[in-house]
Every structure is written in C-alpha cells, then in structure tokens.
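Data block below; observations after.
The values are calculated or read from the model by the stated rules, or taken from the named source; none is laboratory data. Bear in mind that the values here come from a model prediction, so they are computed numbers and not experimental data. Counting neighbours? That spans all protein chains shown, and the Cβs are built from the backbone with ideal geometry, glycine included. All accessible areas refer to the heavy atoms of the entire protein, side chains included, with ligands and DNA or RNA removed. Shrake-Rupley method; radii C 1.70, N 1.55, O 1.52, S 1.80 Å.
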Amino acid sequence: MEKDCIVRIQNLNKTFRGRAGTVTALDGVSLEIRRGEIFGIIGLSGAGKSTLVRCINFLEKPTAGTVTVDGQELGKLSKRELLEARWSMGMIFQQFNLLQQRTALQNICFPLEIAGVKKAEAEKRARELLETVGLSDRADNYPSQLSGGQQQRVAIARALATNPKILLCDEATSALDPTTTRSILALLKEINQTLGITIIVITHEMSVIEEICQRVAIIDSSHIAEVGPVDQVFTRPQSAMAKQLIYPDGGRDKLATGKHYCRIVFDGNSSFEPVVSNMVLECKAAVNIMFADTKDIDGRAYGQMILQLPEDERAAKRALAYLETQNVHVEEGDADAFT
C-alpha cells in the first residue's frame, strides 16, 4: 500500500441472498482513500453506498475482493485481530444510535468500558471529548434531553473515544436541519484538521460533499461511476450520475433553445456578490438565468448557475470575459452541453 493510502478497496463485490433471489449491492468496486483526507461517497438511495461503508470495517463481509486498511488486509485477519482493527475505525450513523438509558458521558464511556479501560480514565477521556464537541455542560444529560445536533455531537465524541485513525460517517447529517448540518460538518472538518483523522462521508446530498470533502466517488447501481477531486467533478462532471446529482430537480432539462450558454461555478473563492447583475450592467448584455443553485456560506459564494447568453457574438464574448475576471469557474457551451 502506498504511504499516503490508508484504505484500499480492490474489486469488491457484495451480494445478498433472499427469498426474491440474489441481489448485488456492490459490483467490482475499487477505491483508494488517502491518509488524512475527507473523502466523500455519494449516490442515490439503493446505490450501495451504505453497504460499501459497512464493508470497509467488515461489519459486512464482502462476497469477493479485498479491503486493506492501514496495511492490513481485513479478510486475512483472525477474529481477534479484526476486532483490534475495528478499534481504529470509529463510526457515526444517521439516527445517532445512542443508548437511551445512559447519559452523554456514559455513552462516550461505553466503548472504553468494552476495551477494558478503567472507569476513572474512561471518564476523563469522555469529558475531554465532550469539550472537543462543544458539550462539556451536557455530560449528565440523557439523549431525550438533547437536540438532534447535540445527540450527533455525542455520537461523534463516542466514535473518537478509542483514538481511531478513520471516522466513517454514514448519512450522519441526513436527520438534521440545514443549520445544524453545517455546524456538524464544521465540527468534522475541525476534527480532521486538528487530529489528522481520515474521514469517509457517505451521503446522498451533493451540498455535503461540496462543503467538506476534498475528493469524491460517485456510486451508481453498485458500481463506481466517477472518482476525483470535488472541484473537478463538480465543474466538469463526466458520468451521467454525477450530472444528475450536480443538477438537482431536473434543472438541466429546463433550458430553452439558443446558441450561447455558460455555466458559472462558485467554489468559495469569490464573495457572495451579484455577479450576474454586475455583468449585465457592466457589459450591457442581457442574459437569462436558466438554472441556479447557489448559497452564501460566511460571505463566500458556493453553487452554480446556467446562463443563456446574448445571441450577439460580441455581447456574449464580453459577458464571458467579464465573468472570467470574477474568481468564478466559467464553462461555455451550447444547449446540448448542459443537458
């Protein structure tokens, strides 16, 4: 395994047998995840992404193929060795999975108790982790006394209790509102940066990938459709599934006919200002906004727009030249390029 590769998945297959026959959840999946990165795996419901994350820590044993974590091929380990390997992989879930009869502190202590850590030492570690996730004043609260975001923070602290090298996040923000989601993603990013933990994010939401991940794998019908840096996949999607995820709600199909189009991608490098309005005023070039999905995060712009440019060639070129000075990625094409 290369020095910077902490997880290597090769030709992974997973099938399930049931009354209806055999279902293939994963088919020939190969991935490499680098040490210290935040890596996203995205796909629609039923694509196989949750099965994939459970195969990474062998909660699901693959039907074929190999999973190598930090130099150890999990399929070759004894039961005891596999349990030890799992300690290096924390996991958080969509529904938090906290023990309802235990306080926040006791929930975090639980994996340490299983590992045989002395009570005093476990409680000290748990209190440190509560401070890390911003809940030092909630140690004695039960899950029912905590909000969804607070419960997920406790779950993150519990996952960190055994000092894992990898944190697996299976739809960790899907049950949360947008504001709470952003705070949880900010916490995960901070954990990645301060502790150097590799984070693998499983989600069906492109906005989660855009906000936190460095690289992403698109999974489609049990196969990997596309892998690459998030900005590259977002600005130049190659696979049909990537395009479907990037253009939500069928936005691409709403384009009118015309010669000149461009796609503007806001990746956080530009301030959230009325770029299009300024362009119209500066260039005296009227445009139609055919599709828009943008947001303001801390005063920076994220998202994309598709514009129908003026029919006049020179006016269209003026508009494009102006956009290229505004710290945004601009991709030019005809109607077919964005459908």
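Springs between Cα atoms under 10 Å define the GNM used for the chain, and in it the highest mean-square fluctuation of 161, 315, 225 occurs at 315. Number of Lys-Lys pairs in region 1-147 with C-alpha atoms under 22 Å apart and a separation of 8 or more places or on different chains: 8. In this simple spin-label approximation, residue 83 and residue 214 carry label points 7 Å from Cα along the Cα→Cβ vector, and these lie 3.4 nm apart.
Summarising the label geometry, the points placed 7 Å from Cα in the beta-carbon direction at residue 324 and residue 72 lie 5.3 nm from one another.
Given in Å, the Rg to one decimal and the Dmax to the nearest whole number for the Cα atoms of the chain are 22.9, 76.
Rounded to the nearest 20, the Cβ-based charge dipole of the chain about its Cα centre (Lys and Arg +1, Asp and Glu -1) stands at 1260 debye.
How about residue 284: which lysines have a C-alpha closer than 23 Å to its C-alpha, ignoring those fewer than 8 places off in the same chain? Reachable lysines: 259, 317. Solvent exposure of residue 96, expressed as accessible area, is near 20 Å², computed with a probe of 1.4 Å over the protein chains only.
Specify the angular offset, from 0 to 90 degrees and rounded to the nearest 10, of the alpha carbon long axis of helix 313-323 from the longest principal axis of the alpha carbons in the chain. Between helix and principal axis, roughly 40 degrees.
Across 73, 128, 81, mean-square fluctuation computed from a Gaussian network of the chain (C-alpha pairs under 10 Å connected) peaks at 81.
Here residue 221 and residue 334 are evaluated by their C-beta separation; at R0 = 25 Å the FRET efficiency comes out at 0.25.
Each Lys or Arg adds one and each Asp or Glu takes one away; over the other residues whose Cβ falls under 11 Å from the Cβ of residue 245, this sums to -3. Counting Lys and Arg as +1 and Asp and Glu as -1 over every other residue whose Cβ lies under 13 Å from the Cβ of residue 106, the net charge comes to +3. Helical runs assigned H by DSSP (4 residues or longer) give the chain a calculated mean residue ellipticity at 222 nm of -10000 deg cm²/dmol, each run adding -39500 (n - 2.57) before division by the residue total.
Model label points for residue 289 and residue 186, set 7 angstrom from Cα along the Cα-to-Cβ axis, are 2.5 nm apart. Averaging the Cα positions of each part gives two centres, and for region 141-214 and region 1-37 these lie 22 Å apart. Protein-only accessible surface at a 1.4 angstrom probe places the residues 260, 204, 329 in the order 204, 329, 260, largest first.
About the centre of its Cα atoms, region 185-247 shows a dipole size close to 120 debye [charges on the beta carbon of Lys, Arg (+1) and Asp, Glu (-1) only; nearest 20 debye]. Using the Cβ-Cβ distance between residue 141 and residue 300 with R0 set to 45 Å, the FRET efficiency from 1/(1 + (r/R0)^6) comes to roughly 0.85. Projecting the Cα atoms of 66, 90, 77 onto the charge dipole of region 23-149, computed from C-beta unit charges around the Cα centre, puts 77 farthest toward the positive end.
Rounding to the nearest 20 debye, state how big the charge dipole of region 1-75 is about its Cα centre with +1 on each Lys and Arg Cβ and -1 on each Asp and Glu Cβ. Provide the component values of the computation, followed by the final result.
Details: 10 positive and 8 negative charges, 70 e Å.
In total the dipole reaches around 340 debye.
Along the axis of the charge dipole computed for region 8-53 (Cβ charges of +1 for Lys and Arg, -1 for Asp and Glu, origin at the Cα centre), the listed residues 15, 28, 38 are led at the positive end by 15.
Of the beta bridges DSSP finds with both residues in region 157-228, what % are antiparallel, to the nearest 5?
Working: 5 of 10 bridges.
So the antiparallel bridges in region 157-228 amount to around 50 percent.
Against the longest principal axis of the chain, how steep is helix 148-160, in degrees 0 to 90 to the nearest 10, with axes from Cα atoms? For helix 148-160, the angle is close to 60 degrees. Tally Lys/Arg at +1 and Asp/Glu at -1 over every other residue whose Cβ is under 15 Å from the Cβ of residue 84; what's the total? Overall, the nearby charge balance is +2.
Over the chain, what is the percentage of antiparallel beta bridges among all DSSP beta bridges, to the nearest 5? Don't skip to the end; give the middle numbers.
Details: 45 of 63 bridges.
Antiparallel bridges: around 70 percent, rounded to the nearest 5.
Hey, in the GNM for the chain with a 10 angstrom Cα cutoff, which one of 274, 164, 237 fluctuates hardest? Of 274, 164, 237, the most mobile in the Gaussian network model is 274.
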